[in-house]
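What follows is one structure encoded as structure tokens, with my remarks underneath.
The values are calculated or read from the model by the stated rules, or taken from the named source; none is laboratory data. Because the structure is predicted, anything quoted here is derived from the model rather than measured. Counting neighbours? That spans all protein chains shown, and the Cβs are built from the backbone with ideal geometry, glycine included.
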Amino acid sequence: MSKEEKKRADWWRNALLAVGIFVPAEGPLRAKLTPRFFLVLGSGALAALIGLLGFAKYSTSPDFCRSCHIMEPYYKAWATSKHSRVACVECHYPPGTPDQILWHKFQAMSQVVKYVTRTYSSKPFAEVEDASCLRSGCHSTRLLMGKVTSKEMGIRFDHRPHLEGERRGRQLRCTSCHSQMVVGNHLEVTYTSCFLCHFKGRGSGRDLKPLGGCRACHDVPDKDIKVGNMTYNHKQYVTKQGLDCQNCHMDVVRGEGKAPKDRCFSCHNQPEKIQRYEDTAFVHDNHVARHNIACHNCHEDIQHGFKQGGKLARLLAAPPPGVPTSGPLPSTAELPKGHTPTLAFECAFCHKDKHAGQREMYTGEATHLGLPKMPSPMFQAEVDCVGCHYKNGANGTEAEFRGTNYKASELSCVKCHGKSFRGVWEETRKELREALAKMDTKITAAREAVSKSTGAANGAAKKAVERAERLAQFVKLGHGEHNIYLAAAAIRRAEDELDRVHTGLGVELPDLSDEPIVSGAFCAKMCHQSVGVKVPPETVKAFGKKMPHKQHTEMLGCRKCHELGAHKSVPLKKNVKQAVCAECHPE
């Protein structure tokens, strides 16, 4: 044996001796186990056991889950959620026997192997069993709590009937409503799932019939709300008058909740599974009941919520951006992205600005006519068109081929405001018809005077007549009963325009100043007397004195002293004391 070989053999003998295995330098090659060997073996086994237990413990911590970079967004969502003090495994491992725990440990280790070997999916998915949520120490008493109200949306909800029985033929799970992953949250309520169940297939618009009705989830607000210069209370209309919520809140549901077939491919690629797409009962039972799949994974969202001004969005809607409002129809390529040309869409290119007058009258947006911005109180209160237009105007064959127009009815006033408002609508229309008829006579007389006149004042007078005629047409074609206050302002403005003709040309024209619509007396004549409001009051305090208000009203009308604006907006004119009072009461 060479010197080098002897040196290598000595090194191995010393190494084996260090772990308790003695190998003699001379004689037969016989290894002998010393007590040190058993000590080293026991220590190694103990260290391995401790290491295994330590790794098993560490593998249950959220930090271990976070070690995979694909889990980072889920970790962040969990860390900022209400469950941040609950370890991942508390939910993702359902409570069970030790053999079940070992099986889940094996599954978890297989995920680690997939991560190391780069065979994992970039979209991890995990199921949370109801037993994890309802275990002792977590939400075990949730089913016994009865109805609870969510802080986010104020919705009443009872867990027991949703989990213990089928809803719309579906067995729900905790994760049906509490999504496994919501941006910024973890296992929070996914309200789109609730909306899908309560609104999908339940009609739309005026025909919407939510599952359980609106009041199954929402309490009737008991606080007064201020809209413009009016105060409303929901209980007055919902409880006492028995009105449906849809009379005012129409556009609160948006979307159909479809489940497009394309979404199946995000999880499945087996043809035999895709073929069962039409088997709705099987799909729901397999995904919702058996595998706790959240509804929004398959269905498009249905949005639900009230936004100020949102209900009348269709009434105020403008053409889509980029669609020309005049000229030849655009080709498909010229339409904005997302707008598919359908028959209904193309109709809008011929039928332009339908109900434009009614829209401007109701919303009070007629400043282009020189009128102040004066929305109807009902528009400010977000009363949709169907609040008044609920009478079916056609049926049978006519409805089949011409469609149905829902007409306004005087009963709409009564159903909201009570029996004292019976006849107010007809009286309003009557006063407007009479005022417009007299205004037409005055416009005709002014037009004849202009045609016979000459001189410098003729041009100004002609324009004044044109403005007056346009204002009268606005009230007539926009149906002034949509907003009596703006209609009255338009007629008064027309009266002022024609007074310029009277002054400029020196011709006599009919005086309409005593007409209720012009003088402002229409409020007391049409409405206040019916509902028992004492207007005008016998006396008021003005300029530090007690003034016989009713007497002055009968002599002068309202407009002489007051600016007539929207409902309850009748401020005194500036310098009224010097300009009006001084005519009869000089100091």
**Study point:** Sole residue being surrounded by fewer than 10 Cβ atoms within 10 Å (Cβ to Cβ) and either over 30 Å from Lys151 (Cβ atoms) or out of contact with any helix residue (DSSP H, G or I) (no Cβ under 9 Å at 6 or more places or on another chain) (or both), chosen from Thr80, Thr119, Thr60, Thr34
**Key:** Thr119
**Study point:** Search result, residues across region 125-150 that are in a helix (DSSP H, G or I), within 30 Å of the chain's Cα centre (by Cα) and farther than 17 Å from His83 by Cβ
**Key:** Leu143
Review point. So is Asp219 of a type in the set (Asp, Glu) and either modelled with pLDDT of 85 or more or part of a helix (DSSP H, G or I) (or both) or not?
Key: no
Practice item. Return yes or no: is Pro271 exposed (fewer than 12 other Cβ atoms within 10 Å of the Cβ) and either modelled with pLDDT under 85 or within 21 Å of Tyr191 (Cα to Cα) (or both)? Key: no
Exercise for review: For region 214-249, name all the residues that are more than 30 Å from His284 (Cα to Cα) and aliphatic (A, V, I, L, M).
Suggested key: Val220, Ile225, Val227, Met230, Val238, Leu243
Review point. Given Leu163, Leu134, which one is closer than 28 Å to Ile302 by Cα and either modelled with pLDDT of 75 or more or touching a Phe, Trp or Tyr at 6+ places or on another chain (Cβ under 7 Å) (or both)?
Key: Leu163
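To keep it simple, each residue is scored yes or no on (1) assigned to a helix (DSSP H, G or I); (2) modelled with pLDDT of 80 or more.
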{"residue": "Pro24", "(1), (2)": "no, no"}
{"residue": "Gly27", "(1), (2)": "no, no"}
{"residue": "Phe37", "(1), (2)": "yes, yes"}
{"residue": "Ala47", "(1), (2)": "yes, yes"}
{"residue": "Tyr75", "(1), (2)": "yes, yes"}
{"residue": "Ser81", "(1), (2)": "no, no"}
{"residue": "Arg85", "(1), (2)": "no, yes"}
Study note, to complete from the structure: Picking from Tyr120, Tyr191, the residue that is among the aromatic types (Phe, Trp, Tyr), over 24 Å from the mean Cα position of the chain (by Cα) and modelled with pLDDT under 85 would be Tyr120
Check your understanding: Looking at Asp251, Asp285, which one is charged (D, E, K, R), surrounded by 15 or more Cβ atoms within 10 Å (Cβ to Cβ) and more than 30 Å from Lys415 (Cβ to Cβ)?
Key -> Asp285
Check your understanding: Looking at region 229-248, is at least one residue over 16 Å from the mean Cα position of the chain (by Cα), in a loop (DSSP other than H, G, I, E, B), polar (S, T, N, Q) and loosely packed, with under 13 Cβ neighbours inside 10 Å?
Key -> yes
